[in-house]
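What follows is calculated from the coordinates using simple rules that are stated; it is not laboratory data. Bear in mind the structure is a predicted one, so any value in this text is a computation, not a measurement. Cβ: placed from backbone, ideal geometry, glycine included. Neighbour counts: every protein chain shown.
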Amino acid sequence: MAIPDYQTIMLPLMKFAADGKQHALGEAREHLAKSFKLSERERKKLLPSGADILFNNRVRWALVYLIKAGLLEYAGRGFFKITKRGSEVIAQNTPTINVKFLEKYPEFLAFRRPSAKGKPQVIKPPSIADQTPIDSIEDAYQRINEALSQELLAQGKKASPDFFERMVVELLVKMGYGGSIQDAGKAIGKTGDGGIDGIIKEDKLGLETIYIQAKRWENSVGSPELQKFAGALQGRKARKVVFITTSKFTKEALDFASTIENKIVTIDGERLAELMLDYGIGVVETASYKIRKVDLDYFTEE
């Protein structure tokens, strides 16, 4: 049979996860390929760019959309499982799950219509007919990065504390701090002093040091946590400090960070995911497209 599109894959993927157990994406792909009776050739068919296997790509996007709607959720690195909401949908014997069905969930609408600040747009996005080809590419690029950022953050929250700290180290080194991963790794998570998770070099010569707090949190970080961190820095003459979290900071926490003598740089989950994308942490490049236009100068006759 023909390779199913990602919306056709949604309901079978939900039924596969209906047992409530944790499943790996590879396990789901294998089950779905057999369910759709795909031939070996169909299983190996590539995208037009050649960057990925077509069926695998569609299964992944079906998973992403279902997670954004709250029907499935990540359950550790590389695993997912059904949610209470998802179980209720399955119990109702829903005949079809597609994008239109998912749009009844506010979380999914927020994902489909992101704004610059990560909040849903009030205005409806232009239809495909209203968009130029470049508009369509830009819109798709934004959606891909938005989905990728949220997936990165979800994976970071599920990671172990040690892995999360190593990830933060790698990011800071990629940004030009810490000298090398080996040097930075010796300091992170070693101090155990009043909530300080690590101390790394600002540069390769170690002329300045950066004090780090790295927390995988779900709840917002309030001013008491930053006050405790600031208190642990007293006596160290720390001038450069960074507080990184997978959640958000309250207004009071941000106000406190901006008013103390030694300003604390705050990086929330949204910004953390953006930096990981910018510096290639936890992601791989699958495709690159060149957009060309006619060189009118070439056709100008002297």
* Asked: Which residues does a label at LYS34 reach in region 65-83, if reach means a backbone N under 20 Å from a point 7 Å past the Cα toward the Cβ?
  -> 79-82
* Asked: Ranked by Cβ crowding within 10 angstrom, fewest neighbours first, how are LYS201, LYS104 ordered?
  -> LYS104, LYS201
* Structure fact -> Taking only C-alpha positions in region 6-113, Rg and Dmax in angstrom work out to 13.7, 39
* Structure fact -> Quick note on VAL284, VAL59, VAL242, ordering by fewest other C-beta atoms within 10 Å, gives VAL284, VAL242, VAL59
